[in-house]
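K.L.:
Take this structure, written in structure tokens, and hold onto it; I'll ask about it next.
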Amino acid sequence: MKASLVRLKSQPMYKSEKCHLESCSNDDPEEEPPGKRSISDDLEEEPPGKRTTTRYRFFGDIPDAVWNDWKWQFRNRITRVERLAQFIPLSTKEQAQLRLVTMRFPLAVTPYYLSLINPYDPDDPIRKQAIPSTMEMTMGSMGVEDPLDEKKDTVVPGLVHRYPDRVLLVLTDICPVLCRHCTRKREWRNGGWVRSPAEVEAMLDYISRHKAVRDVIISGGDPLTLSTRHLEDLISRIREIKHVEIIRIGTRFPVVLPQRIDNELCSMLAKYGPIWLNTHFNHVREITPEAAEACDRLLRSGVPVNNQSVLLRGINDSIEAQTELCHGLLKIKVRPYYLFQCDEVQGTEHLRTPVEVGIKIIEGMRGHTSGLAIPTFVIDLPQGGGKVPLQPDYILAQTEGELVLRNYEGRIFHYRNPTKLACPELPAEVLCPAGSATASLPQENRVPIRVRRSSKCG
Ligand code: SF4
């Protein structure tokens, strides 16, 4: 399977690929630009009509055809702090600190994703996801390496079987961008592996022998790191297993390297449906024209796209940020599916938020936007306990026959809870009785509910 990785070809080297540390690094903090500057401050040379990215500042000599070649992007990922300092002002001391961080938690970012960062804003939401922070080390003892205890449920190498009807295939630990909040950060030190053909055979054999498995999730690392041909070898084999109903692919390529979602890949996926794709946008600024085109190509190939974002401190931990993100996703026809509480992974504590923040965000969205725009906020429980959805508490009180509910405006409503016995006696129209559960509520908050007899009743 090693051969399936992006093949290195001899290609011309562009000026922006060469090390020009002297001209770009900023060893003297005194010389750093004061305060936050807008990306557009540095983009005088950007062609008119183009949106603001630092592409034309840093990669101006790269022709469009090369820039849009995902293999070029992948080969030219920024993986060393010295190279990073060519794009983001880092003092000598900061570089030394980040080198230490990357010895434990490596760095990788595609030129495309890097170009979305405002280099002068330390709080840039994309920078915080991709660029290492010293807090990964200073708070590095908090949390655990494998919070979901995936090792416990690994039944053959690379195959996690936790729920009866689903299995997870982890094909590689390689990703185009190493996200600082990644749950599988523990894998990064293992130096880039891809499952061997024998391991893949063992996975397929396991799925074939377990008839309850109807849903196969291909994840990673990022499985789209593999070539389309090798992905097809695997997906076509999974499709031959009669009891597998759906295949899901978990990938961040539409966000961090959307050029990977090319026609060749989409045509291949279209042959083996139903295939669902779950991706991982965390901020509205990631929804670029390139990302939108990638999602559109998938959708036109019959591959529904859902989004699983992670709630991250200082990145998307506000009602406004989540609402903008989810509205942006709906505009590109991607469904906001899950909002995950950030797992307690070592090296991510600085990005984690109290659970109450997620609940407040959902509460702040409910009623103010359509339900389609509201993801399910979940905690993935430690020790393999699975996902638990968390909701604001809308039930204020409950008896056998009645619920007292509050709505998104804080108004209180009584809701008669139908029982089997009550149905035949219901008059055509009744006033909901005030039960003991409501007795303690102020009179002005009691809202009588008219209930009509339903033809389905009884
Ligand atoms: S793409 Fe996913 S698996 Fe890869 S580093 Fe990011 S969060 Fe982790």
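The values are calculated or read from the model by the stated rules, or taken from the named source; none is laboratory data. As the structure is a prediction and not an experimental result, all values here were calculated from the model. Quick reminder, even Gly has a Cβ in these numbers, built from the backbone with ideal geometry, and neighbours come from all protein chains shown. Protein only, heavy atoms only, side chains kept; ligands, DNA and RNA dropped before computing areas. Shrake-Rupley method; radii C 1.70, N 1.55, O 1.52, S 1.80 Å.
K.L.:
Please turn the phi angles of the range 268-280 into ³J(HN,Hα) values with the Karplus equation 6.51 cos²θ - 1.76 cosθ + 1.60 (θ = phi - 60°), one per residue in order, whole Hz, x for glycine and proline.
P.N.:
Result, rounded to whole Hz: 5, 4, 4, 6, 10, x, x, 10, 10, 10, 9, 10, 8.
K.L.:
Between Q391 and Y408, what length in nm is gained on full extension when 0.36 nm per residue of separation is reduced by their alpha carbon distance?
P.N.:
Answer, rounded to one decimal: 4.9 nm.
K.L.:
Which Rg and Dmax, in Å, describe the Cα atoms of the range 244-312?
P.N.:
11.7, 36
K.L.:
Could you let me know the centre-to-centre spacing of the range 241-289 and the range 53-110, using Cα atoms, in angstrom?
P.N.:
Centre-to-centre (Cα) distance: 25 Å.
K.L.:
Here's something else I'd like to know. Would you mind checking K242/K271; K71/K333; K152/K185 for any pair whose Cα atoms are more than 23 angstrom apart?
P.N.:
In this structure, K71/K333 lie more than 23 Å apart at Cα.
K.L.:
Find the Cα radius of gyration of the range 103-152, compare it with 2.2 N^0.38 Å by division, and give the number to two decimals.
P.N.:
Normalised Rg, Cα atoms only: 1.42.
K.L.:
Mind computing the radius of gyration and Dmax over the alpha-carbon atoms of the range 281-379? Å is fine for both.
P.N.:
13.6, 39
K.L.:
Right, something else. Whole-Hz Karplus ³J(HN,Hα) for the range 167-176, in order, using 6.51 cos²θ - 1.76 cosθ + 1.60 and θ = phi - 60°, x for Gly and Pro?
P.N.:
10, 10, 9, 9, 8, 7, 9, 8, 9, x
K.L.:
Still on this model: Across 5 Å bins from 0, what is the distribution of all Cα-Cα pair distances for the range 120-184, in whole percents?
P.N.:
In whole percents, the pair-distance histogram is 3, 13, 18, 20, 16, 13, 10, 5, 2, 0.
K.L.:
Given the peptides 152-164, 282-294, 86-98, arrange them by the average over their residues of other C-beta atoms within 10 Å, most packed first.
P.N.:
Descending packing order for the listed peptides: 282-294, 86-98, 152-164.
K.L.:
So, one more: Just subtract the alpha-carbon distance of R335 and R239 from 0.36 nm times their residue separation and send over the number in nm, one decimal.
P.N.:
Extending this stretch completely gives an extra 32.0 nm.
K.L.:
Continuing with this model, one more query. With all protein chains present and a 1.4 Å probe, how do K71, K185, K331 order by accessible area, largest first?
P.N.:
Per-residue accessible area, sorted high to low, gives K331, K71, K185.
K.L.:
Would you please give the residues with an amide H less than 5 Å from that of L381, counting only those at least 5 places away or on a separate chain, with H modeled from the backbone geometry?
P.N.:
Long-range HN contacts for L381: G386, K387, V388.
K.L.:
Among T376, T54, T79, what's the order by accessible area (1.4 angstrom probe), most exposed first?
P.N.:
T79, T376, T54
K.L.:
Could you tell me which residue out of H230, L257, Y206 lies farthest along the dipole of the range 204-257 toward its positive end? Charges go on the beta carbon: Lys and Arg +1, Asp and Glu -1, centred on the Cα centre.
P.N.:
Toward the positive end, the furthest listed residue is Y206.
K.L.:
When the Debye formula is applied to the Cα atoms of the range 209-360, each taken as the same point scatterer, what base-10 log of I(q)/I(0) results at q = 0.10, 0.12 Å⁻¹?
P.N.:
Each listed q corresponds, in turn, to -0.39, -0.55.
K.L.:
Give me the log10 of I(q) over I(0) for the range 162-262 at q = 0.19, 0.22 Å⁻¹, as the Debye formula computes it from C-alpha points; what are the numbers?
P.N.:
Each listed q corresponds, in turn, to -0.99, -1.23.
K.L.:
Compute the whole-percent fraction of alpha carbon pairs in the range 74-189 spaced more than 23 Å apart.
P.N.:
Everything past 23 Å amounts to 37 percent.
K.L.:
Of W188, W193, which has the most accessible area with a 1.4 Å probe, and how do the rest follow in descending order?
P.N.:
Largest to smallest exposure gives the sequence W193, W188.
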